[in-house]
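See below for the structure under consideration.
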Amino acid sequence: MSVQDFREENAIGKAYDGRLVRRLLRYAKPYWATILAAALLIGFVTSADLAPPYLSAIAIDSYIGGLSQPMASFSPQTAPAGAVRYDGRAYVRLQNLHQKYHGTLYAIDKAPNGKEYLVKGIEQSRTVKWRGNVPMLGGRALTAQPLSTRALDRFRQQDVHGLLMLGIIYGLVVVVAFAANYIQTYILQWAGQMIVFDIRRQLFRHIEGMHLQYFDRNPIGRLVTRVTNDTEALNEVYTSVIVNIFKDLFLLVGAMVIMWEMNHFLALVGYAIIPLLIVSTIIYTNYARGAYRTVRIYLARLNAFLSENFSGMRVLQAMRQELRQQRRFDQDNTGYLRAGIRELTIFAVFRPTMNFFYNLTAAALIWWGGGSVLEHIVAFGVVYAFIGYAQQFYQPINDMADKYQIMQAAMAASERIFQVLDTPREVLDAAEPLALARPLRGEIRFEHVWFAYDGEEWVLKDVDFSVQPGQSVAFVGATGAGKSSIVNLIGRFYDVQRGRVLVDGKDVRELEQKELRRAVGMVLQDVFLFAGNVRDNIRLGDDIPPDLVEQAAANVHADTFIERLPGHYDEEVLERGATFSAGQRQLIAFARVLAHDPEVLVLDEATASIDTETEALIQSALERVSEGRTTLIVAHRLSTIRHCDQIFVLNHGRIVEHGTHEELLARRGLYWDLYRLQYRGGPEEGQLAADGAASD
Ligand SMILES: Nc1ncnc2c1ncn2[C@@H]1O[C@H](COP(=O)(O)OP(=O)(O)OP(=O)(O)O)[C@@H](O)[C@H]1O
Ligand SMILES: [Mg+2]
């Protein structure tokens, strides 16, 4: 990986970029209904989250502490429904009374002797104090009547009933919340996965259709990361940020409203935590961003280092670089560790700080709330509920720090993903491609072709030649002369800058790429085998019957070695075909091309790694299969191309000589030089030819 890539990993800064977010939302569009449903369900879930403290407050104040609630007293005839009858009177708790009442208030209170008394004449905002077994209110003694256990039970009856009802409601809320939560989590994750699935698919299709130059410029590891890691970072945006932001806001606002409704003063005490939380979150994210970035950079470096080392292990070991690489690895590994510890330290300060603030608030609520309870201004259950609600808005703000980090990573990831998607394909099919008449005649023409991989560094200069249908031609020349480049242009893996490449008289740019490549079969310099078995590697996904596969293999004499494999044609091939020799890989590639029966055959150093004996066999087979087929051969070993109809000699991207083997030797030019160098026998032609096969 170059510096450029680390800069890419470096680009973590903004947690929100409207342009990117709008574009990301576009991917969510097909799933809007699902996401909307999830958002609505979240409303449910949050209400359910908000309910417990409120229900607890009711349970505590109205029922558990229900006996001490002030009661109105009626004569049995005029008492409203639900009144408790006792000793010739009927009592109703004020909170259950739906009419005005100005009469004497009663309440049940516990005397120091442990017995419960029905106290007459209490006031709502003042506490009854006991002097011995006499209840006092503001220095005035009140009348009180001790209650038997049975009488007490009668008053308790409504509490038991109320608690039961509350319990059922609580239970229902929990069950509904569970169900809503389950469904919401499921469909939201589903939508997120689908969106990311779509993005991955689009990415792969886009990258797959990219011109080869793109792959020359972008390390494979980087592209893999785009399709896997970066899309995963996006998944988190959809699943844990977008909808949860609503959830958090809901929770925050909901808790605040309920608190305000329950008690203004305590609500303000509770709100005091918010600025503290926000300020510490901002401070935290500031520090965390830097630490996070360092961690990412070291991770990217480690990844790059590892992938390079593992792929180059053979060379590393051969060149005894292990120790040096260990030291380099240790350096990066230590850096990664330090960065990780730094991130951890910041986090380790942050979380307890948040907890501290929360506990501070709880303490404040207990202090003021508790005081108010004692003064009968606030019911105990309300204070209890408040502590619960303080937790409710502590949580979302706390989570925001995480969300912030997810968003940062996601913005950076989407920036990189869109960069890939926005890179236009350079080798494109024409809007209305010309059809190739099949079978192809197989005529190939290069018309004054100028070609460069990069800018104006011409690799091919004014290359002009034509191959008649069914002819076999060869290209020879020094390393780097441009032979493979010519081959690449026939299959239109790159586009020429000047001139034209014609197949059957049609510019390759006007043909459909798929069609063209079906007609032109190539055995390239470096053979690539895919994971799978031998048969699949020959068939390559096309529908070719097994006997044709085997026939193709037999034609190039690959069958001898394949049949020696334990699994024959079903033998497993590892990625890149690492368990095969270079020559065996070439034989498979050869069989692969023949099985597809193309009209034009292109062989770029196709037999370079094959032993002379097999090569001779292939040579004869080739003469058979290349009959009636246009064949282009690139070869260093001149003995293999002697019989070609035409030989082109390339030098620094120009065709400097052409003709048959005999014509070229007679010219005593570059070809003759090359030939002489290869076969040190002597200048005499017949002698040379005889030596050729043996000394190579
Ligand atoms: N993908 C590429 N991107 C940029 N430059 C390239 C690329 N492939 C080849 N070149 C350059 O183009 C020139 C010609 O390369 P080419 O592969 O055509 O040579 P060749 O004749 O096939 O050599 P060899 O006999 O070694 O296979 C070389 O100078 C090489 O550096
Ligand atoms: Mg080459």
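Brief remarks on what is shown
- A Stokes-Einstein calculation at 10 °C with viscosity 1.306 mPa s, built on the Kirkwood radius of the chain over Cα pairs, returns a diffusion coefficient of 47 µm²/s.
- Residue order, fewest to most surrounding Cβ atoms within 10 angstrom, among 78, 579, 353: 78, 579, 353
- The modelled label-to-label distance between residue 87 and residue 75, using points 7 Å beyond Cα along the C-beta direction, is 1.9 nm.
- Two-site FRET efficiency, residue 164 against residue 136, from Cβ-Cβ distance with R₀ of 25 Å, rounded to 0.05: 0.10
- Three-way shape label, the range 283-378, alpha-carbon gyration tensor, a/c 1.5: prolate
- Judged by the gyration tensor of its Cα atoms, with axes a ≥ b ≥ c, the range 262-306 is prolate; a/c meets the 1.5 cut and a/b is the larger of a/b and b/c.
- Reachable lysines, given that their alpha-carbon falls under 30 Å from the alpha-carbon of residue 100 and they are not under 8 places away in the same chain: 110, 120, 129
- Calculated from backbone phi, Karplus (6.51, -1.76, 1.60) coupling profile of the range 628-639 in Hz, x at Gly/Pro: x, 10, 5, 10, 10, 10, 10, 8, 8, 6, 5, 4
- Evaluated over the range 467-615, the Cα radius of gyration and Dmax, each in Å: 16.2, 51
- Within the shell defined by Cβ-Cβ distances under 9 Å, the residues around residue 552 carry a net charge of -1, with Lys and Arg each +1 and Asp and Glu each -1.
- Separation in nanometres of the label points that stand 7 Å from Cα toward Cβ, at residue 129 and residue 645: 12.2 nm
- Between 0 and 90°, nearest 10: helix 685-695 axis offset from the chain longest Cα axis: 40 degrees
- Each of 197, 155 was scored by other Cβ atoms within 10 Å of its Cβ. Arranged with the fewest first, they read 197, 155.
- Rounded Å value of the spacing that divides the Cα centres of the range 562-604 and the range 209-248: 35 Å
- For the range 162-274, the calculated P(r) over all alpha carbon pairs, in 10 Å bins from 0 to the bin holding the longest distance, is 11, 23, 23, 18, 12, 8, 4, 0 percent.
- For residue 540, no residue whose modelled amide H falls within less than 5 Å of its own remains once neighbours fewer than 5 places apart on the same chain are excluded.
- In this structure, residue 576 and residue 611 have a Cβ-Cβ separation that, at R0 = 25 Å, corresponds to a calculated FRET efficiency of about 0.70.
- Cα-centred dipole magnitude for the range 538-577, charges only on beta-carbon of K, R (+1) and D, E (-1), debye, nearest 20: 160 debye
- Per-residue ³J(HN,Hα) for the range 151-167, Karplus 6.51 cos²θ - 1.76 cosθ + 1.60, θ = phi - 60°, Hz, x for Gly and Pro: 5, 4, 4, 5, 5, 6, 3, 5, 5, 4, 4, x, 5, 4, 4, 4, x
- Amide H to amide H distances under 5 Å link residue 427 with 211, where only residues 5 or more positions off or on other chains count and H is placed in the peptide plane.
- For the range 439-542, the Rg and Dmax computed from alpha carbons only, in angstrom: 15.0, 43
- Sparsely packed chymotrypsin sites (Phe, Trp or Tyr not before Pro) within the range 309-395, loop by DSSP, other Cβ within 10 Å at most 16: none
- Amide H contacts under 5 Å for residue 655: 464, restricted to partners 5 or more places along the chain or on a different chain, H placed in the peptide plane at 1.01 Å from N.
- Pairwise FRET efficiency - residue 356 versus residue 149, Cβ, R0 = 45 Å, nearest 0.05: 0.45
- The sum of -39500 (n - 2.57) across all DSSP H runs of n ≥ 4, divided by the residue count of the chain, sets its helix-only mean residue ellipticity at 222 nm to -18000 deg cm²/dmol.
- Toward the positive end of the charge dipole of the chain, with +1 on the Cβ of Lys and Arg and -1 on the Cβ of Asp and Glu, the farthest Cα among 151, 522, 554 is that of 151.
- Extension gain for the segment residue 528 to residue 310, taken as residue separation times 0.36 nm less the Cα-Cα distance, is 76.6 nm to one decimal.
- In this label model, residue 510 and residue 201 are separated by 3.6 nm, measuring between points 7 Å along each Cα→Cβ vector.
- The angle separating the long axis of helix 546-555 from the principal Cα axis of greatest extent in the chain is about 40 degrees.
- Partners of residue 247 within straight-line reach, counting lysines whose Cα lies under 20 Å from its Cα and excluding those fewer than 8 residues away in the same chain: 403.
- Square roots of 5 times each gyration tensor eigenvalue, C-alpha, the range 70-146, largest first, Å: 23, 14, 10
- Phi-based couplings in Hz for the range 302-316 (Karplus 6.51, -1.76, 1.60; Gly and Pro marked x): 4, 4, 4, 4, 5, 5, 5, 5, 5, 6, x, 4, 4, 5, 4
- Cα centroid separation, the range 455-494 to the range 636-663 (Å): 12 Å
- Computed lengthening from residue 560 to residue 464, 0.36 nm per intervening residue step minus Cα-Cα distance: 30.5 nm
- Available extension along the chain between residue 22 and residue 317 is 101.2 nm, counting 0.36 nm per residue and deducting the alpha carbon span.
Each value in this text was obtained by applying a stated rule to the coordinates, not by laboratory testing. This one's a predicted model, so the numbers in the text were calculated from it and none came from an experiment. Heads up, the Cβs are rebuilt from the backbone with ideal geometry, glycines too, and the neighbour counts pull from every protein chain shown.
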